[in-house]
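J.: Here's a structure for you.
Read the figures in this text as sums done on the coordinates, not as results from a lab. This is a predicted model, so every value here is computed, not measured. Reconstructed Cβ throughout: ideal geometry from the backbone, glycine too, with neighbour counts over all protein chains shown.
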Amino acid sequence: EAQVTQNPRYLITVTGKKLTVTCSQNMNHEYMSWYRQDPGLGLRQIYYSMNVEVTDKGDVPEGYKVSRKEKRNFPLILESPSPNQTSLYFCASSLRQGRMGDTGELFFGEGSRLTVL
Amino acid sequence: DQQVKQNSPSLSVQEGRISILNCDYTNSMFDYFLWYKKYPAEGPTFLISISSIKDKNEDGRFTVFLNKSAKHLSLHIVPSQPGDSAVYFCAAKEYGNKLVFGAGTILRVKS
């Protein structure tokens, strides 16, 4: 089954304790991205990757890091989480984002709800 | 500066009636517009899209209308069903660029 898998789905942590949210896709997609969803703000892009070893900042990258060492994986790293990073996080992937024929369709994971105390 | 705006946070509709969700945008360079649907505890899923060169696209009960002169698009659901109750996100993209999402509209279909 084609899917984007995120872990953990739920996490409560404390300020300053490093954490990683993993994301894996099995569709051989080149493009992967992380979003956060906050009430009244919709989905805002954190980081994205056009291919292996190619990553770039989205709209709200502060406090986050990413890496793309393999095509299927795109982990989101919070080196020193703060309460304002409490949010619902989504990983997404696409075959063609930014390329010819791109219709904008993204495939999303089920989300990771993070609470930072 | 929000390029894609959904001004109605929520909408309540009776089962069997039409649901109309609205979206406004500011960037005239957008080439595709999409609607995503999100249920609680799930990720958004693609629903329907429309190219900027068209003014209507239909898929079963779902129709998206694009009015470029007004920079406005709408999603019509006819007839509405209780299973349509979800958050609907409007999104738009410029060629070679990322998707920009609206804030979402919560649709409740009452039986």
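J.: Quick check: from the Cα gyration tensor, does chain B come out rounded (a/c under 1.5), prolate or oblate?
T.: Because a/c hits 1.5 or more and a/b exceeds b/c, chain B counts as prolate.
J.: Sequence-distant or interchain residues sharing an amide H contact under 5 Å with A:THR86, placed H: which?
T.: Long-range HN contacts for A:THR86: A:VAL116.
J.: Compute the Cα gyration tensor for region A:29-107, then decide on rounded, prolate or oblate, letting a ≥ b ≥ c be the square roots of its eigenvalues: rounded whenever a/c is under 1.5, prolate when a/b is larger than b/c in the other cases, and oblate in all that remain.
T.: It is oblate, given that a/c is not under 1.5 and a/b is not larger than b/c.
J.: Which of the residue pairs A:LYS71/B:LYS98; A:LYS65/B:LYS54; A:LYS57/B:LYS38; A:LYS18/B:LYS93; A:LYS69/B:LYS71; B:LYS56/B:LYS93 have a Cα-Cα distance greater than 29 Å in the structure shown? Each step should come with its number before you reach the end.
T.: Working: A:LYS71/B:LYS98 19 Å; A:LYS65/B:LYS54 39 Å; A:LYS57/B:LYS38 25 Å; A:LYS18/B:LYS93 33 Å; A:LYS69/B:LYS71 40 Å; B:LYS56/B:LYS93 17 Å.
Flagged as over cut-off: A:LYS65/B:LYS54; A:LYS18/B:LYS93; A:LYS69/B:LYS71.
J.: While we're here: Have a look at B:ASN97, B:ASN27, B:ASN57 and tell me which one the Gaussian network model of chain B (Cα, springs below 10 Å) gives the largest fluctuation.
T.: B:ASN97
J.: Using a Förster distance of 25 angstrom, determine the FRET efficiency expected from the C-beta separation of A:LEU88 and B:GLN81, and round it to 0.05.
T.: Plugging the Cβ-Cβ distance into 1/(1 + (r/R0)^6) gives 0.45.
J.: Residue by residue through region A:16-21, which ³J(HN,Hα) values in whole Hz follow from phi under the Karplus form 6.51 cos²θ - 1.76 cosθ + 1.60 (θ = phi - 60°), with glycine and proline marked x?
T.: Taking θ as phi minus 60°, the curve returns x, 8, 4, 9, 10, 9 Hz for region A:16-21.
J.: About its Cα centre, how strong a charge dipole does region B:1-62 have in debye, to the nearest 20, once Lys and Arg get +1 and Asp and Glu get -1 at the Cβ? List each step's numbers first, then the result.
T.: On the way: 7 positive and 8 negative charges, 30 e Å.
Its charge dipole is roughly 140 debye.
J.: If R0 is 35 Å, what FRET efficiency do you get for A:LYS18 and B:ALA41 from their C-beta distance, rounded to 0.05?
T.: 0.85
J.: Please average, across the residues of B:92-98, the number of beta carbons from any other chain that are within 10 Å of each residue's own beta carbon, and give a whole number.
T.: 5
J.: Return the distance in nm (one decimal) between the two label points of a simple spin-label model at B:SER51 and A:TYR10, each offset 7 Å from Cα along Cα→Cβ.
T.: Taking the two extended label points, one gets 4.5 nm.
J.: Could you work out the mean count of beta carbons from other protein chains within 10 Å of each residue's beta carbon in A:103-115?
T.: Averaged over the peptide's residues, the number is 5.
J.: Please give me, ordered by residue number, the GluC sites (Glu not before Pro) of region B:1-80 that lie in loop per DSSP and have at most 16 other Cβ atoms within 10 Å.
T.: B:GLU15, B:GLU42
J.: Any idea which of A:VAL54, A:PHE107, A:HIS29 is furthest toward the positive side of the dipole for chain A, if Lys and Arg beta-carbons carry +1 and Asp and Glu beta-carbons -1?
T.: With unit charges placed on the Cβ atoms, the residue in question is A:VAL54.
J.: Here's another thing I want to ask about it. Using +1 on the beta carbon of Lys and Arg, -1 on that of Asp and Glu, and nothing else charged, what's the dipole of the protein assembly as shown about the Cα centre, debye to 20?
T.: Numbers: 27 positive and 22 negative charges, 55 e Å.
For this selection, approximately 260 debye.
J.: May I pose another question? With the contact rule set at Cα under 8 Å and sequence spacing of 6 or more, what percent relative contact order holds for region A:1-113? Write out the running numbers ahead of the final one.
T.: On the way: 274 pairs, mean separation 38.8, N = 113.
Relative contact order for region A:1-113 comes out at 34 percent.
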